[in-house]
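Working notes, structure below.
Laboratory data are not the source of any read-out in this text; all were calculated from the coordinates shown. Values in this document were obtained by computation on a predicted structure and should not be read as measured data. Positions of Cβ are backbone-derived with ideal geometry, glycine not excepted, and every protein chain shown enters the neighbour counts.
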Amino acid sequence: MDVSSLLIKLTTTLTPSYDKIEKDIKVYEQKNFGVGRDELARSYADRICWKFASLGAITTLPGVLPGIGTAAMIATEGCTLSGNLAMMIRWMGSMVAGISLMYKRDVYKKFNKDFIQVLGLWSGILVIGEESIGQTGDKVVINQEQAVPPKIFNRINQKVGSSMIKRRGGVAIGTLAPFGVGAIVGGSFNLVTMKSFKQNALKYYSFDGREIYYIKE
Amino acid sequence: MKGLNLDYIKILFAIAWADSELQKEEQDLLSEVILSLEFNEEEIRVAERWKTKPVIFEDIKSIDYQQFSHEQKMHILLLSGSVVKADGVVTDEEITFVDRLKKLLGLESIDIEDIVSDIEDSIDIFG
């Protein structure tokens, strides 16, 4: 399976549960009544980061291994991806869907495009806004139906791959060391990865979705 | 990044030092976490010192815990519970450490099992 097929498989198979996220957001908005949209989106995304960090810590605890979600399981089996990778992509997708819903974007129609573009920003291949000034790279317009340039997919793949190598390294350390150490390792890797993704997701939604992206040279 | 500041790193060191020794894996990881955050040279110097100078509970008492979100507090508590159980024996001192940390975090009524259950609920939504 080539990189493009793999990522398309990931973004479609791992499509978040919009209904569940929407319900969760409603409860979160009620709890934080009066908080502005930008701050609410930031804190909601941050909440996902810390929960994902805790998940990373929990999965290193013996005897406490929460089952991974059904969709993530399907992707893992279908693409022979590691459970960790599937979980990471799935939680990243859920974050994008959550922020999208908060900004009243059409998540049902635009999720795949939005997700790929946020992954592109996170991996550093795409730039937007002030960062695009002076860029000589190709302009990119990603539609739902259009194929995404292989260059973008390749860079995303590299970024995802390097994150997972680090994560695997962490797990390996945690496996050899007493499990308390593993909890710090697993939690911190998840946290650092997701925090960096969050910054890019928030940046993406701070624009109105009609911007032109540039492939960074 | 909000919440990922020196106070948080200091608490991580205190947790890692809770069993009175900082293992090499912990040192390596904490170094990586420090480097991945956008600290200035002075902050890095301060944090690096905690690798050799134990951070004890008294050192983290004066931290403003209100700056942390509920999820971050839960994460800190989860890590502390995990670390003190690391060698399979939980001493009275370690129980006291976790109980005192719970108080600082304002999570007296929360146990690790509650946190695991909360994360399982989140897996149902996000994962």
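Counts of other chain beta carbons within 10 angstrom of each beta carbon in peptide B:68-81 average 5. Only helical runs count toward this figure. For chain B, summing -39,500 (n - 2.57) over DSSP H runs of n ≥ 4 and dividing by all residues gives -19500 deg cm²/dmol at 222 nm.
Note down the Stokes-Einstein diffusion coefficient of the range B:23-127 in µm²/s, whole number, using a Kirkwood radius over alpha carbon pairs, 20 °C, and 1.002 mPa s. Stokes-Einstein gives a translational diffusion coefficient of 137 µm²/s.
With a 10 Å cut-off around each Cβ of B:115-123, the average count of Cβ atoms from other chains is 6. Take each residue in A:43-56, count the other chain C-beta atoms within 10 Å of its C-beta, and the mean is 6.
Residues whose amide H falls under 5 Å from that of A:TYR103, counting only those 5 or more places apart or on a different chain, are absent, with hydrogens built in the peptide plane. Within a straight-line Cα-Cα reach of under 21 Å, B:LYS10 can be paired with the following lysines, leaving aside sequence neighbours fewer than 8 residues apart in one chain: A:LYS51, A:LYS195, B:LYS2, B:LYS24, B:LYS51, B:LYS53, B:LYS61, B:LYS73, B:LYS85, B:LYS102, B:LYS103.
Computed from phi, the 3J(HN,Hα) profile of the range B:59-65 under the Karplus parametrisation 6.51, -1.76, 1.60 (θ = phi - 60°) reads 5, 9, 5, 8, 5, 7, 7 Hz, with x in place of Gly and Pro.
Annotation: the residues A:VAL107, A:VAL96, B:VAL46, sorted from fewest to most other C-beta atoms within 10 Å of their own C-beta, follow the order B:VAL46, A:VAL107, A:VAL96. Across the range A:16-48, the residues whose backbone nitrogen lies under 13 Å from the label position 7 Å along the beta-carbon direction of A:LYS104 are A:37-38.
Amide H contacts of A:LEU126: A:LEU121, A:LYS216, each under 5 Å away and 5 or more positions distant or on a separate chain (H built 1.01 Å from N in the peptide plane; Pro and chain starts excluded). For A:TYR213, the residues whose modelled amide H falls within less than 5 Å of its own, excluding neighbours fewer than 5 places apart on the same chain, are A:VAL140. Karplus-derived 3J(HN,Hα) values for the range A:191-198, using 6.51 cos²θ - 1.76 cosθ + 1.60 with θ = phi - 60°, are 5, 4, 4, 6, 4, 5, 5, 4 Hz; glycine and proline are entered as x.
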